[in-house]
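The values are calculated or read from the model by the stated rules, or taken from the named source; none is laboratory data. Since the model is a prediction, treat every value here as computed from it, not as a measurement. No Cβ is skipped: glycine too gets one built from the backbone with ideal geometry, and neighbour counts run over all protein chains shown.
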There are 2 protein chains.
Amino acid sequence: MESLKNKIMSEGIVLGGDILKVDSFLNHQIDVGFLNEIGKEFKNRFKDVKVDKILTIEASGIAIASITAQYFGNVPVVFAKKSESKNLDSDVYETKVYSFTKDRDYAVKVSKKYLSEGENILILDDFLANGRAAVGLMDIVKQANANVVGLGIVIEKGFQDGGQILRDSGVRLESLAIIDSIADGKLEYRD
Amino acid sequence: MESLKNKIMSEGIVLGGDILKVDSFLNHQIDVGFLNEIGKEFKNRFKDVKVDKILTIEASGIAIASITAQYFGNVPVVFAKKSESKNLDSDVYETKVYSFTKDRDYAVKVSKKYLSEGENILILDDFLANGRAAVGLMDIVKQANANVVGLGIVIEKGFQDGGQILRDSGVRLESLAIIDSIADGKLEYRD
């Protein structure tokens, strides 16, 4: 997605080797007009797929999923929860995900009420690197006996192994930008 | 907002006295079509106000703020962060907020890059009860020498004191539904 590459080029910040920050439009401040472009592009990539519901994970995934849902006929969005909260149902699908950013395992939960057997689920997230969050979300969908019809990622770090692992597993993965290397602050994209 | 009261009546769940769960459309699963109605209503309530940016707090506020921003000319949304993350700038506005739900203080942070002096900020959030989160967000806006032009809340628990404290402080507060009591699972709304 050319406009995404341009956005990353003009606003992205590379830190300490392979960390790319896109806080100005995706992860802290949100450019809602640009997210609409992203939503349209996800619809274009998955236009042949029946989507009953979009699943994402808090926090940055929520804006992407909510804006994108508008291009899929306002299907419901469900966001998996990371933190312990008194208010979450006890009856949940749960999986463990290791976060490299936070250097610890965390529990990811979705109430059983909001994923049903046979539903066609599109998983969306902001970044794909090692793929742990995506694999966790797929595990939750599997526990619900629902179907992962696709996995849509805004920015894939192609130099980490998550994308390869997921493609090898057969899931339909669409990344709007794939970065194959970050060297000296310069990004190389996969064609 | 009549449609919101109807939505709460048909989908809300009252738990343990005064806990109202609206996980089916606001806090876990998101009804994006309905959020568009909420966004339109916020625009209607704040139509005379110049809004440069919308500020909210992760996680549930993100969907509300992002969808609502579309009715304010796609102004940028900034979501305050609760958790410690290696990737957040060190140069932040920070405040402490006590969470009754989680029974602890937590730090709320916004990167200094994304709030600027003189900006007109509309603060949006899902719930208002004791008002601690709203006061924290207002404190962050004040640190940035920006202006809080309004505070928009989807559901206010009018039987807790946050709404009164905020109205007394002079901030323009618009709550789309104000619940004055929850007794025996039945909700009474303020007119």
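Summary table below
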{"read-out": "Residues within region A:16-30 that are surrounded by fewer than 17 Cβ atoms within 10 Å (Cβ to Cβ) and more than 7 Å from every other protein chain (Cβ to nearest Cβ), tallied", "value": "3"}
{"read-out": "Counted residues, region A:1-15 - those being more than 14 Å from chain B (Cβ to nearest Cβ) and either assigned to a loop (DSSP other than H, G, I, E, B) or within 22 Å of residue A:100 (Cβ to Cβ) (or both)", "value": "2"}
{"read-out": "Index of the failed condition, residue A:137 passing every other in (1) among the aliphatic types (A, V, I, L, M); (2) over 11 Å from the mean Cα position of the chain (by Cα); (3) closer than 19 Å to residue A:75 by Cα", "value": "(2)"}
{"read-out": "Every pair of residues 6+ apart whose Cβ atoms lie under 9 Å, when the first sits in region B:98-118 and is more than 19 Å from residue A:28 (Cβ to Cβ) and within 11 Å of another protein chain (Cβ to nearest Cβ) while the second is of a type in the set (A, V, I, L, M, F, W, C) and loosely packed, with under 15 Cβ neighbours inside 10 Å", "value": "B:101/B:19"}
{"read-out": "Boolean, residue B:125 is more than 10 Å from chain A (Cβ to nearest Cβ), free of Cβ contacts under 8 Å to residues at least 24 places away in the same chain and part of a strand (DSSP E or B)", "value": "no"}
{"read-out": "Total residues in region B:156-191, condition farther than 22 Å from residue B:136 by Cβ, touching a strand residue (DSSP E or B) at 6+ places or on another chain (Cβ under 6 Å) and free of Cβ contacts under 8 Å to residues at least 60 places away in the same chain", "value": "4"}
{"read-out": "Failed criterion for residue A:69 (all others in (1) more than 10 Å from chain B (Cβ to nearest Cβ); (2) free of Cβ contacts under 8 Å to residues at least 60 places away in the same chain hold)", "value": "(1)"}
{"read-out": "Residue check, residue B:41 surrounded by fewer than 19 Cβ atoms within 10 Å (Cβ to Cβ), of a type in the set (D, E, K, R), in contact (Cβ under 8 Å) with a residue 12 or more places away in the chain and assigned to a helix (DSSP H, G or I)", "value": "no"}
{"read-out": "Odd one out for residue B:186, checked against (1) buried (at least 20 other Cβ atoms within 10 Å of the Cβ); (2) at pLDDT below 95", "value": "(1)"}
{"read-out": "Search result, residues across region A:58-71 that are surrounded by fewer than 22 Cβ atoms within 10 Å (Cβ to Cβ) and either over 17 Å from residue B:74 (Cα atoms) or in contact with a Lys or Arg (Cβ under 7 Å, 6 or more places away or on another chain) (or both)", "value": "A:58, A:71"}
{"read-out": "Filtered residue count, region A:44-83, keeping only those that are among the aliphatic types (A, V, I, L, M), part of a loop (DSSP other than H, G, I, E, B) and either within 18 Å of residue A:127 (Cβ to Cβ) or modelled with pLDDT under 95 (or both)", "value": "1"}
{"read-out": "Residue within region B:158-178 that is of a type in the set (S, T, N, Q), part of a strand (DSSP E or B), within 11 Å of the chain's Cα centre (by Cα) and away from chain A (no Cβ under 14 Å) present", "value": "yes"}
